[in-house]
Amino acid sequence: MRTHLVGIAGIAGAIALALAVTHTAGAQAPNEAAAAQPAAAVYPGDHAMDHYKKPSDDELHQRLTPLEFEVTQHAFTESPFHNAFWDNHQAGIYVDIVSGEPLFSSLDKFDSGTGWPSFTKPLESKNITTDTDRSAFMVRTEVRSKHANSHLGHLFDDGPKPTGQRYCMNSASMRFVPVDSLEAEGYGKYLPMFKKAEADSATKAHK
């Protein structure tokens, strides 16, 4: 069943990219666009999102690559295995590429075999919203960011324990912040959980 879904999603991604290239001047190849990293969040260091105001479409066109704009604003799907984070194994967090709101952690990331970055749970559930998506001849649960309303991907119930969930995300919707940059970019509150994970791993290694 997953292979069938990946096939359909891959086709949808190809169509989406073709439309993006047709309607947006200077479009990039999917792997190049997904790998491109934008500037820091609109409010560097202020990730409580209390005063966040989403930029206009014109501003977003300036800040985002064509693929990032189409995915986040028009709910297109990037191609599997040809995106920035599907096989990223670095420690850090994933934030909304538009707003910078924290979304997922590498501690909850797993290899789903689908070609998209997948997570068992959100880092901050308050920054995630879901809704029913009936596009592409399927009924799925769409995942969006709360404050920027960016399309992130879809949620499935075939993930590993303990949650049994698979947050299947688009790399183009997110920016990765490695552990050694968390403090500088205003995400220092998440450092303790990585230090704890490292300590726990070292303890297990010595047993």
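The values are calculated or read from the model by the stated rules, or taken from the named source; none is laboratory data. Note that the coordinates shown come from a computational prediction; the quantities given were computed from them, not determined experimentally. Counting neighbours? That spans all protein chains shown, and the Cβs are built from the backbone with ideal geometry, glycine included.
Miscellaneous remarks
- Selection status of GLU198, of a type in the set (Asp, Glu) and closer than 24 Å to VAL71 by Cβ: no
- Test set (1) in a helix (DSSP H, G or I); (2) under 20 Å from ASN88 (Cβ atoms); (3) under 18 Å from the mean Cα position of the chain (by Cα) - ALA197 fails condition number: (3)
- Qualifying residue in segment 18-30 (condition: modelled with pLDDT under 50, more than 17 Å from the chain's Cα centre (by Cα) and on the phi > 0 side of the Ramachandran plot): yes
For every residue, the table says whether it meets (1) under 16 Å from PHE76 (Cα atoms); (2) within 13 Å of the chain's Cα centre (by Cα).
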residue	(1), (2)
SER118	no, yes
SER125	no, no
ASP131	yes, no
ARG140	yes, no
HIS154	yes, yes
ASP157	no, no
GLU183	no, no
TYR187	no, no
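- Residue match in segment 126-136 (condition: closer than 16 Å to PHE176 by Cβ and of a type in the set (Ser, Thr, Tyr)): no
- Extreme residue, farthest from TRP86 (Cα to Cα), among residues of segment 112-158 that are touching a Ser or Thr at 6+ places or on another chain (Cβ under 6 Å) and hydrophobic (A, V, I, L, M, F, W, C): ALA148
- Residues (in contact with a Pro (Cβ under 9 Å, 6 or more places away or on another chain) and within 14 Å of CYS168 (Cα to Cα)) located in segment 124-139: ILE128
- Only one of the listed residues (GLU78, GLU59) is modelled with pLDDT of 50 or more and in a loop (DSSP other than H, G, I, E, B). That residue is GLU78.
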